[in-house]
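**Q** The structure is given below, and queries will be raised subsequently.
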Amino acid sequence: MTAADPVQLDTYLAMTDAELYEELGLSLLGSGPGMTPDDRREARGFGRDWFENQYDRIRSGICLHPKLQRYRKDGSDVMVDAGAIYGIASQVVSDPVQAAIVGVLAMRIGLTVFCAGVSPEDPAAGTPDS
């Protein structure tokens with residue numbers, strides 16, 4: 001998968017978290033025809049580690065975005081679809097595949113949990129870069 005069009009976003013929505021982390025790892029490491037099951041497991045771990053290491057930066061970039069700020073103001077745990085989060089995530093993570101996967105993972109976590117503790121006054125909420 002090389003670009004995150006609506007069809008691929010549907011594909012990501014159908015994947016398990018483990019499969020999403022694998023796709024994320026493959027998009028970061030690259031893949032080829034000689035991929036072994038061990039390579040795929042390594043990619044999965046790499047993708048999970050990358051997401052965990054980038055979590056605060058990604059979370060700040062998504063949760064502090066004006067569109068999501070409007071959703072969060074009412075205090076409810078609104079269900080925002082992965083497409084809406086993808087649109088915002090693509091401004092935080094420049095690669096479209098990575099942004100789509102981040103959008104799906106953030107949607108699954110839910111805004112209340114994903115954005116807990118993130119506020120514009122948070123010193124860690126700097127300008128996100130990819």
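**Q** With labels modelled as points extended 7 Å from the Cα through the Cβ direction, what inter-label distance (nm, one decimal) is found for Ser31 paired with Ser119?
**A** Once both label points are built, they end up 4.2 nm from each other.
**Q** Could you give the nm distance between label points at Ile109 and Asp10, where each point is 7 Å from its Cα heading toward the beta carbon?
**A** It works out to 2.7 nm between the two label points.
Bear in mind that the values in this text are calculations on the coordinates, not laboratory data. Not measured: the values here are computed from a predicted model. Heads up, the Cβs are rebuilt from the backbone with ideal geometry, glycines too, and the neighbour counts pull from every protein chain shown.
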